[in-house]
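The block underneath contains the structure these notes are about, expressed in structure tokens.
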Amino acid sequence: MLAGGIEVSVCAAGCAVCAEASERFDALRAASLVQRRRFDEPDRYPYAAGKHTLHRTICRQIEQSVGGIEGDDSPWLHGALTDFAHNGTSNSGWATHLRVMEIGEAATWVKERIGPRGGTRYRLCGICAPALPGTG
């Protein structure tokens with residue numbers, strides 16, 4: 001099947017593997033949509049973080065990672081469900097693997113990543129060079 005000029009693999013209706021994965025897929029998609037909407041308000045949510053790196057929301061790396069918003073009836077999205085269910089893939093543009101945060105949330109994120117001996121378990125993006133939350 002073609003969606004936006006891209007070939008997508010879609011299971012036949014009633015695929016048990018896709019049915020079993022659909023609840024997890026929907027939850028991940030809903031969380032991704034929240035992050036995507038936050039991304040669209042950089043003044044309110046000035047920070048974004050992946051697993052280990054803190055960025056400013058306007059960083060070009062974040063824009064590439066935030067994912068898109070597809071309608072529920074999109075064949076491309078159904079193909080993403082198939083890929084997720086059968087291959088565990090969640091990096092095809094529909095899922096956001098980052099947190100877009102307000103200043104207070106970002107300060108908590110940093111605090112949670114300070115080791116018991118004071119060492120940091122995060123880094124600041126070298127591209128956008130964000131100030132630590134609450135320091136300017």
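Every read-out reported here was derived from the displayed coordinates using simple, explicitly stated rules and does not represent laboratory data. A quick note: this is a predicted structure, and the numbers were derived from the prediction, not measured. Every residue, glycine as well, gets a Cβ built from its backbone with ideal geometry; the counts of neighbours run over all protein chains shown.
What residues have an amide H closer than 5 Å to that of Thr89, excluding those fewer than 5 places away on the same chain, when H is modeled at 1.01 Å from N in the peptide plane?
Phe84
Could I have the simple spin-label model distance between Arg113 and Ala30, label points 7 Å from Cα toward Cβ, reported in nm to one decimal?
About 2.7 nm, to one decimal.
Could you calculate the contour length gain from His97 to His52, that is, 0.36 nm times the residue separation minus the distance between their Cα atoms, to one decimal place in nm?
Taking 0.36 nm per residue and subtracting the Cα distance, the gain is 15.0 nm.
With each pseudo-label sitting 7 Å past Cα toward Cβ, what's the Arg44-Glu105 distance in nm, one decimal?
1.0
On full extension of the chain, what length is gained from Leu124 through Arg60, given 0.36 nm per residue of separation minus the C-alpha to C-alpha distance?
21.6 nm
Grab the Cα-Cα distance for Arg37 and Cys15, subtract it from 0.36 nm times how many residues apart they are, and report the gain in nm with one decimal.
That works out to 4.8 nm of additional length.
Residues with amide H under 5 Å of Thr53's amide H, sequence separation 5 or more or different chain, H placed in the peptide plane at 1.01 Å from N; which?
Arg123
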